[in-house]
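Take a look at the structure below.
The values are calculated or read from the model by the stated rules, or taken from the named source; none is laboratory data. As the structure is a computational prediction, the values presented were derived from the model and not from experiment. We place every Cβ from the backbone using ideal geometry, glycine too, and count neighbours over all the protein chains shown. For the accessible areas, the whole protein counts, side chains as well, though only heavy atoms, and no ligand, DNA or RNA atoms are used. Shrake-Rupley method; radii C 1.70, N 1.55, O 1.52, S 1.80 Å.
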Amino acid sequence: MHTDVMGYDPLAERLTALRRELHRYPEPAWYEYRTTCRVIRELQQQGIPVLYGRALHCPKAMYGLPDDHGEALQRAREEGCDEKLLAQLTGGYTGCVAVIRGDQPGKTVAVRVDLDCNRLAESGDEAHRPVREGFASHHEGCMHGCGHDGHTAIGVCLAESLWARRGELRGQVKIIFQPAEEGAGGAASMTAAGVLDGVDIFLGMHIGLGLEPVGTIAASAYGFLASTKMDVTFHGRGAHAGLCPEEGRNALAAAATAVTNLLAISRSGQGASRVNVGSLVSVAGRNVIPSEARMGVETRGETETINAYMESSALRVCEAAAAMYGCTVEHRIMGRAGSADCSSALAKRVCEFLGRQPGVIEVVPAFHFRASEDVTTMMRRVQEQGGQATELMLGSAIAAPHHSERFDFDEAVMPLAVRTLTQLILTLVE
């Protein structure tokens, strides 16, 4: 599908409609029930084979999996999800894989797109386009603030585009709709379940992140930060704050001490390193010595060695703060992402290809990522078995930074992405 003489582009219209629907109904990590059902329905209506359910996941590697799914499942039912399909996804077994087999034998190409949203309250300001044009989030405290709604729409239409041209396709293409990217949980689960086994060429992609305008595309990325996400819980002893404070062990005081000392960890001289405390929660009355406090902590490092240093230092700080107040502490790993390098030969080939494509106005050989992404887990798995992998960056102006309440992107990036990726994949399998 291409733009007609009057400027009408049915592909762009379809992508925009699907992206905006997904934006209205955002779902956070491991709760992507409606999103998964919607993707499966769209693909199956075209006759595209779709894999989903428990076979796509390794339970031991489902980092950050919440215990309670009842509210998310009920909401998905109320929003029209098929009960039989939901039953196969229940427990966080979200996401799916479209499999497009060509009419001729050849390589296996995988493309990964992510499904989940941020736990973020979207702006209600009329100046914010989703509000102004009627597609702001309907789910309180949830928002697509990182472009995953656009990624998902691209993935659906890319699968349809390749399905329509499967007579030209050598081998097969897997479009992997991954849950739980935010928090670095979903890639590990799918990888451990074997979803990437047998893949020869792997393509990841991301909208924006400082690259603009539409038509600018990076053939590869570097500078992925390894990261560990942890929930840290301090256990103390409750007591009356006025009558017998000496009998208490203040878990909140221990956690607060840990916060200030975590941020004081000496940074590594071997490369970039990060530590952050994103949440601190303790529920008790003002006259109660709190018996429990919970923190959300993350570390990052330019290499896995640097991240390991930051992670071990963070745990040491927490243990020392707990001991200072007579408390105990435990932690749970909620997500992990490693570092990775794009395959140079593949990146060079992609770079040369992009330079010949209509709509591409600038090709960036390598983009400095500067953040963490669990796509690296999939990239490394493919490379370990002899394949090649790269992460494409899709240029787009953005209304506000990623992970902020006013985030939005230029929707013109989506049809360009579908058309370019379709041609790229057909070229790579020749």
Report the residues of region 143-182 in range of a label on residue 17: point 7 Å along Cα→C-beta, backbone N strictly under 18 Å from it. 150, 152-161
No partner Cβ under 4.7 angstrom, meaning no disulfide-compatible partner by this rule: which Cys of the chain qualify? 58, 96, 117, 142, 146, 157, 244, 318, 327, 342, 351
On a 0 to 90° scale, report how tilted helix 33-45 is relative to the longest principal axis of the chain, with both axes built from alpha carbons and the result rounded to the nearest 10. 10 degrees
Please state the charge dipole magnitude for the chain, taken about the Cα centre, from unit charges on C-beta atoms (+1 on K and R, -1 on D and E), reported in debye and rounded to the nearest 20. 740 debye
Top positive-direction residue, dipole computed over the chain with Cβ charges, set 266, 161, 278: 266
Residue-averaged 222 nm ellipticity for the chain, from DSSP H runs of 4+ at -39500 (n - 2.57), nearest 500: -10000 deg cm²/dmol
If one takes the longest principal axis of the Cα atoms in the chain, at what angle in degrees, from 0 to 90 and to the nearest 10, does the Cα axis of helix 344-354 lie? 50 degrees
How much net charge surrounds residue 237 when only the other residues with a Cβ under 13 Å from the Cβ of residue 237 are counted, with Lys and Arg +1 and Asp and Glu -1? -2
Measuring from label point to label point, each 7 Å out along Cα→Cβ, what is the residue 67 to residue 361 span in nm? 5.3 nm
Given Cβ point charges of +1 (Lys, Arg) and -1 (Asp, Glu) and nothing else, what value in debye, to the nearest 20, does the dipole of region 301-347 about its Cα centre take? 140 debye
Helix 148-164 vs. the chain, principal-axis angle (Cα, 0 to 90°, nearest 10): 30 degrees
Simple spin-label model, 7 Å along Cα-to-Cβ: residue 166 to residue 74 in nm? 4.0 nm
Based on Cβ point charges of +1 for Lys and Arg and -1 for Asp and Glu, what charge dipole magnitude is obtained for region 150-234 about its Cα centre, in debye rounded to the nearest 20? 240 debye
Could you report the chain's accessible area per residue, 1.4 Å probe, as an integer in Å²? 41 Å²
With a 1.4 angstrom probe the carbon and sulfur portion of accessible area for the chain, in percent, totals 49 percent
Total lysine pairs under 27 Å (Cα atoms) in the chain, excluding pairs fewer than 8 apart on one chain: 7
